[in-house]
Amino acid sequence: MTVYLDNSATTKPSQAVAAAVTKQMESGWYNPSALYRPALEVQKELEAVRETVRKAAGAAGQTVIFTSGGTEADNLALLGHLKSRRKPGRVLISSVEHPAVSACADEIRKMGHAVDEIPAGPDGTVDLAKLEEMLSEDVLLISVMQVNNETGGVEPLEEIVSLRNRLAPEAAIHVDGVQGFLRMPLEFNRLGIQSYAFSGHKIHGLKGTGALIVRKDHPVRPVQFGGGQEGNIRSGTENTFGIIALGEAVRTWDPEANDRMRRLKIRLRDALLEKVPEAGVNGPEESTERCAPHILNIALMPVRSQTMLFALEGDGVYVSAGSACASRKQKISPVLKAMGVSTERADCSLRFSLCPYTTEEEIDYAAACVEKHYNMLKKFTRR
């Protein structure tokens, strides 16, 4: 039996997406920038995807810029906006951000701005009291995630926006929504943020496609140059197959999937805590609003995460030891470190991430495999 529980790394393209892409490759492969009829039809299809995205995000009337994925969208949101700022100022980035955001810090400093980390609380979300102390009129930009990719912690976006409005009204807010889009509620217009990034391959679309939603009045300058596609913000021939896949993934997302994933995640959590009494959850309590429905991070001390990961692979169960972007670097998760998790505990932590197609049978099988390997491996672990 194969059980894939690493959906935060990537998801399998859905059947609807595969069918839409196959059709597009056969008859809709034209360059949307060309002027003849088949190309104009492709351009109309891309515009229809933009509208699908706006509707799903509650972003009516706003700009949707197609990108190569979440990383480019985040980079464009941060660096592209700061290029429009005439005076240096401060940029606040949460301490539990994905590298797509946190790795921009050096470039931001080269632009003349100061970068400060917003501390996280033990649940892995922004410490609102600390953020309040950090806010002032010289803050230009605040960047936070909607859902943490390692722990499933959900940022209190409404409270963050309220603090910004009161203490730093000129600051823009960018939200990395790669792990939140479609899986958590989002009303872009009502919320009052300036930009929002997401990725297609996290929602059963294709790799190499994403988008940045930007308010019409929010300045963003290009960070790459060429033919002037995407409103002269993101030059380069559009990835039409990926964009069509993105639209189909959004259009066919089952609104009831989130509740199903949450029930299955709780089933997995309860099974692991029962079968492995030494286990502990890293992240927010499930009963709170700060917990996403599809990500569970759990420590299985004293068994190291990589040891358990490879043992589970032998049974066809695929999980991860943290962000896929850092999985080969073999270092302690910066996210867990920022939460105050000990090095020993972080080194024994695994991430299980679900999707709408995960089943009860898969959850039960995975939990049984963890129990089997844990009982064997803990005997050979140095204390």
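The values are calculated or read from the model by the stated rules, or taken from the named source; none is laboratory data. Just so you know, these numbers come straight off a predicted model, no measurement behind them. We place every Cβ from the backbone using ideal geometry, glycine too, and count neighbours over all the protein chains shown. Please note that ligands, DNA and RNA were not included when accessible areas were found on the heavy atoms of the full protein model with its side chains. Shrake-Rupley method; radii C 1.70, N 1.55, O 1.52, S 1.80 Å.
A quick yes/no check of all residues on (1) hydrophobic (A, V, I, L, M, F, W, C); (2) at pLDDT 95 or above; (3) open to solvent by 60 Å² or more (accessible area, probe 1.4 Å):
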residue: 225; (1), (2), (3): yes, no, yes
residue: 229; (1), (2), (3): no, no, no
residue: 232; (1), (2), (3): no, no, yes
residue: 240; (1), (2), (3): no, yes, no
residue: 244; (1), (2), (3): yes, yes, no
residue: 250; (1), (2), (3): yes, yes, no
residue: 264; (1), (2), (3): yes, yes, no
residue: 272; (1), (2), (3): yes, yes, no
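Once the range 71-93 is narrowed to residues that are in contact with an Asp or Glu (Cβ under 7 Å, 6 or more places away or on another chain) and within 14 Å of residue 174 (Cβ to Cβ), the residue that is most open to solvent (accessible area, probe 1.4 Å) is 79. Annotation for the range 54-64: no member residue is in a helix (DSSP H, G or I), over 25 Å from residue 155 (Cα atoms) and not acidic (Asp, Glu). Among the residues of the range 179-204, the ones that are open to solvent by 10 Å² or more (accessible area, probe 1.4 Å), of a type in the set (A, V, I, L, M, F, W, C) and within 16 Å of residue 356 (Cα to Cα) come to 2 in all. Candidates in the range 125-135 are the residues that are more than 17 Å from residue 178 (Cβ to Cβ) and in contact (Cβ under 8 Å) with a residue 40 or more places away in the chain; of these, the one that is least open to solvent (accessible area, probe 1.4 Å) is 135. Among the residues of the range 23-37, those that are hydroxyl-bearing (Ser, Thr, Tyr) and either assigned to a loop (DSSP other than H, G, I, E, B) or surrounded by 13 or more Cβ atoms within 10 Å (Cβ to Cβ) (or both) comprise 30, 33, 36. If the condition is being open to solvent by 50 Å² or more (accessible area, probe 1.4 Å), touching a residue at least 12 places away in the same chain (Cβ under 8 Å) and either under 14 Å from residue 88 (Cα atoms) or touching a Pro at 6+ places or on another chain (Cβ under 6 Å) (or both), then the range 105-124 contributes 107, 111, 116.
Among the residues of the range 136-149, is there at least one that is loosely packed, with under 14 Cβ neighbours inside 10 Å and out of contact with any strand residue (DSSP E or B) (no Cβ under 7 Å at 6 or more places or on another chain)? Give the steps one after another, and end with the answer.
Quick first cut of the range 136-149, residues loosely packed, with under 14 Cβ neighbours inside 10 Å only: 136-137.
Checking the rest, the ones that are also out of contact with any strand residue (DSSP E or B) (no Cβ under 7 Å at 6 or more places or on another chain) come to 136-137.
For the range 136-149, residues loosely packed, with under 14 Cβ neighbours inside 10 Å and out of contact with any strand residue (DSSP E or B) (no Cβ under 7 Å at 6 or more places or on another chain): present.
Somewhere in the range 360-382, is a residue part of a loop (DSSP other than H, G, I, E, B), more than 30 Å from residue 13 (Cα to Cα) and at pLDDT below 95? The answer is yes; a qualifying residue exists.
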